[in-house]
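The values are calculated or read from the model by the stated rules, or taken from the named source; none is laboratory data. Here the structure is a predicted model, which is why all the values come from computation and not from measurement. Quick reminder, even Gly has a Cβ in these numbers, built from the backbone with ideal geometry, and neighbours come from all protein chains shown.
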Amino acid sequence: MLRATIDADVFREAVDAIAALVSECRFHVDSEGMRTRAVDTANVAMVSLELGPDAFEVFEASESALGIDVTKLKNIIGMVNRGDPLMLSIPEESQRLNLAFQSYQYSLTLLDPNTIRKDPNAPTLELPGKVVIEGAKLTNAIKAAAVVSDKIALGIDPEARVFFMEAEGDTDNIRLELGPDDVESLADVKARSLFSLDYLKDMAKSMSRASQIEIGIGIDHPVRFTFEIAGGKGRVIYLLAPRIEAD
Amino acid sequence: MLRATIDADVFREAVDAIAALVSECRFHVDSEGMRTRAVDTANVAMVSLELGPDAFEVFEASESALGIDVTKLKNIIGMVNRGDPLMLSIPEESQRLNLAFQSYQYSLTLLDPNTIRKDPNAPTLELPGKVVIEGAKLTNAIKAAAVVSDKIALGIDPEARVFFMEAEGDTDNIRLELGPDDVESLADVKARSLFSLDYLKDMAKSMSRASQIEIGIGIDHPVRFTFEIAGGKGRVIYLLAPRIEAD
Amino acid sequence: MLRATIDADVFREAVDAIAALVSECRFHVDSEGMRTRAVDTANVAMVSLELGPDAFEVFEASESALGIDVTKLKNIIGMVNRGDPLMLSIPEESQRLNLAFQSYQYSLTLLDPNTIRKDPNAPTLELPGKVVIEGAKLTNAIKAAAVVSDKIALGIDPEARVFFMEAEGDTDNIRLELGPDDVESLADVKARSLFSLDYLKDMAKSMSRASQIEIGIGIDHPVRFTFEIAGGKGRVIYLLAPRIEAD
């Protein structure tokens, strides 16, 4: 059972963050809100989303796992006007998610949760390199790197006290250095790992709106991006595995 | 012979309404203005357009039927700036439509009217279900339905006193109900017919600008959309045949 | 050696003007500024660009010829925000052009100038038909002609005292006549030549922003378009060979 009302923009932000990586997932609902965690088909990237009950205007849910066709849900929510309230409901014993807005009633068949790949465990990661940066700055750097290459190195140079991003193409390269004036905080720990720009570009769409992104990096380790949505009542975490550096 | 001046936006609206369904047609001109009626190649949809002489700033025409390449005419009119006057002329005995605007002179060869399929008769239709609705509301519903299906049912539920639209996909469905507060008038007559969304999407572009659309529906009957253009000095009618309901 | 700072918009305008015709070229730099001249692969069109040292905020250069991948340079400059200063530098003996803006450092490998086709000579052309016209008027005419044809005739009718453009399609044609009120100056010399619209459309993107374009035309001769960029501190010349008129 689910009965919830949420601002359409807030829910769109949440669904878009998931849709960047996966086309179906399991929404876990209970009195603590809504949660999902999913990995992409290639097992390279993971998204984890939490929406607390206070992200909703109304929220009542009995504990259950909902199989969601993320792509369809995204298309339907794309129809709702900015700021309109969106009502979500699943009657007791039903296998359909009803979405109501304005005078519309959508009914979306839930997927059988057993057909969706198992929820990944949250890996325990030691990522001592911490940087807090504006979302737009991070996503601009991702776009700039894509002009010359398909991969990007993210790192911290503790001596120069900069967070850096580097991309190397066949003949060209780009380097961006952000010092203490450009980032909101920076751990003085050496870090550097290489990532696929394809994944980062997908994630960038959601991250560009965040006022603050906490980046966790290590040496040849995954990167973790953590940011708030829904005015702080929800949180998204992206994890991305590193690429092997070919020298 | 034709000598006419018309606001470019008004003529663009008229030509766009026709171009949504057909790529060539016959313009009938005489002292009563300009009229055309044409069916699409699949014989599923019909457009009928009337522009009275007062839709034009200048209008003089001897009775004739002009074979028009609608696609070309649309492209040329696309060049004219908003609000510029457009001069249309066909000298006596000529087979060319001249279009003049700003310092430009276009000359468009008329098609031989005999090579264009015969004007359809206006079918006599009993469509007791009458709804008057804002164009934007109708076209939003068409877009919303397209998210889940390729067909839409339009109907009136006289007991609930609502105009409804329903679309069913393989697993999902959407229903929109508009009551007395949402429509400008509604006949209390039972009606329901199913239509192809492809055609409706084509028509929607023209209908979205209309402040009022009169919809005529029946039970498994065609639908008729009637709306004004050119500030009430012109009128467009779309007719669309129903689809068979497969259950 | 090169060390230069320039407004990103000014440099973008210059690079876009070249990129319209060629994908690589030789930049000649010395104390007089930056110059390039290149023909397209089909030998039909030529672009010539000059940027004086005062188009730059800082400009120091030892005489050299730089092999430039124009497409890559255009993509990189596309990343720079409007009005940001762009620093260009090539250290002594280096084969890399460094581009710095905001916190970014791009490094673009120079092409070997010997692998780029030889600079064309500037042909000596007698083009007595001179017209000075606003860039937007010229480019609108090019777009209008493209609706009916793939070629356009440009000419001067000295008796009617008009600059004209004519395009003829299979069945349709367009003619634009601009008299003394529409052009800024007009030589009373008979001229008419036919040109490919494909090339003119490529050139039009750069020409549309120019407040004045000087056109030089003859009878079945090339056309020359000359216009200023960088607030008068730079100049672009396009030359386009005529097409044979098939009658």
Meets criteria (closer than 28 Å to B:S196 by Cα and either surrounded by 15 or more Cβ atoms within 10 Å (Cβ to Cβ) or more than 14 Å from every other protein chain (Cβ to nearest Cβ) (or both)) for B:A61: no
Residues within region B:99-113 that are in contact with a strand residue (DSSP E or B) (Cβ under 7 Å, 6 or more places away or on another chain) and either facing chain C (nearest Cβ under 8 Å) or under 14 Å from B:V80 (Cβ atoms) (or both), tallied: 10
Residue pairs meeting the criteria (Cβ under 7 Å; at least 6 apart or on separate chains; first in contact (Cβ under 8 Å) with a residue 12 or more places away in the chain, in region B:89-112; second among the aromatic types (F, W, Y) and buried (at least 18 other Cβ atoms within 10 Å of the Cβ)): B:L99/B:Y106
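Look at region C:177-192 and say how many of its residues are more than 9 Å from chain B (Cβ to nearest Cβ) and in contact (Cβ under 8 Å) with a residue 24 or more places away in the chain. Before you say what the answer is, go through the steps one by one.
Initially, region C:177-192 is screened for residues more than 9 Å from chain B (Cβ to nearest Cβ), giving C:180-181, C:183-192.
Remaining after also requiring in contact (Cβ under 8 Å) with a residue 24 or more places away in the chain: C:183-192.
So the answer is 10.
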Residue within region B:118-136 that is within 14 Å of chain C (Cβ to nearest Cβ) and either on the phi > 0 side of the Ramachandran plot or surrounded by fewer than 18 Cβ atoms within 10 Å (Cβ to Cβ) (or both) present: no
Extreme residue, nearest to B:K143 (Cα to Cα), among residues of region A:73-88 that are without any contact (Cβ under 8 Å) to a residue 60 or more places away in the chain and facing another protein chain (nearest Cβ under 9 Å): A:M79
Residue under evaluation C:M79, criteria (1) at pLDDT 90 or above; (2) of a type in the set (A, V, I, L, M); (3) not assigned by TED's automatic domain parsing to the domain that holds C:D202, criterion not met: (1)
Any chance B:V22 is within 17 Å of B:P120 (Cα to Cα) and either in contact (Cβ under 8 Å) with a residue 60 or more places away in the chain or touching a His at 6+ places or on another chain (Cβ under 7 Å) (or both): no
Residue in region A:119-133 that is free of Cβ contacts under 8 Å to residues at least 40 places away in the same chain and more than 29 Å from A:D69 (Cα to Cα) present: no
Candidates A:T41, A:T36 - the one that is of a type outside the set (D, E) and out of contact with any strand residue (DSSP E or B) (no Cβ under 6 Å at 6 or more places or on another chain): A:T41
Filter result for A:I174 (out of contact with any Leu (no Cβ under 6 Å at 6 or more places or on another chain), within 14 Å of chain C (Cβ to nearest Cβ), part of a strand (DSSP E or B) and surrounded by 18 or more Cβ atoms within 10 Å (Cβ to Cβ)): yes
Selection status of C:A204, assigned to a loop (DSSP other than H, G, I, E, B) and buried (at least 20 other Cβ atoms within 10 Å of the Cβ): no
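Which one of C:L108, C:L138, C:L86 is assigned by TED's automatic domain parsing to the domain that holds C:P222 and not aromatic (F, W, Y)?
Values: C:L108 fails: assigned by TED's automatic domain parsing to the domain that holds C:P222; C:L86 fails: assigned by TED's automatic domain parsing to the domain that holds C:P222.
The conditions single out C:L138.
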Index of the failed condition, A:R235 passing every other in (1) in contact with an Asp or Glu (Cβ under 9 Å, 6 or more places away or on another chain); (2) surrounded by 15 or more Cβ atoms within 10 Å (Cβ to Cβ); (3) assigned to a helix (DSSP H, G or I): (3)
Contacts under 7 angstrom Cβ, first residue in region A:143-163 being over 18 Å from A:I244 (Cβ atoms), partner modelled with pLDDT under 95 and of a type in the set (S, T, N, Q), 6 or more apart: A:V147/C:N75; A:V148/A:N173
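Return yes or no: is C:G169 surrounded by fewer than 17 Cβ atoms within 10 Å (Cβ to Cβ) and modelled with pLDDT under 95?
Criteria not met by C:G169.
Taking region B:218-232, which residues are of a type outside the set (F, W, Y) and assigned to a strand (DSSP E or B)?
Of everything in region B:218-232, those that are of a type outside the set (F, W, Y) and assigned to a strand (DSSP E or B) turn out to be B:I219, B:V223, B:R224, B:T226, B:E228, B:I229.
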Qualifying strands (runs of 3 or more DSSP E) (wholly inside region B:23-139; at least 2 residues being within 30 Å of B:H221 (Cα to Cα) and of a type in the set (A, V, I, L, M)): B:33-39, B:45-51, B:129-133
Some residue of region B:36-52 being of a type in the set (S, T, N, Q) and crowded, with 18+ Cβ neighbours inside 10 Å: yes
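Does any residue of region C:190-199 turn out to be in a helix (DSSP H, G or I), at pLDDT 90 or above and either of a type in the set (S, T, Y) or more than 21 Å from B:V80 (Cβ to Cβ) (or both)? Break it down into steps so the answer makes sense when it comes.
Here is the first cut: in region C:190-199, the ones in a helix (DSSP H, G or I) are C:197-199.
From the residues that got through so far, the ones that are at pLDDT 90 or above too are C:197-199.
Now drop any that are not either of a type in the set (S, T, Y) or more than 21 Å from B:V80 (Cβ to Cβ) (or both), which leaves C:198-199.
Yes; the residues of region C:190-199 include at least one that is in a helix (DSSP H, G or I), at pLDDT 90 or above and either of a type in the set (S, T, Y) or more than 21 Å from B:V80 (Cβ to Cβ) (or both).
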Sole exception among (1) more than 14 Å from B:D119 (Cα to Cα); (2) in contact (Cβ under 8 Å) with a residue 60 or more places away in the chain; (3) touching a helix residue (DSSP H, G or I) at 6+ places or on another chain (Cβ under 9 Å) for B:V47, by number: (1)
Pairs, first without any contact (Cβ under 8 Å) to a residue 60 or more places away in the chain in region A:198-224, second polar (S, T, N, Q), C-beta under 6 Å, six or more apart: A:D220/A:S193
Unmet requirement for B:L88, which otherwise passes all of (1) at pLDDT 95 or above; (2) among the aliphatic types (A, V, I, L, M); (3) under 20 Å from B:M207 (Cα atoms): (3)
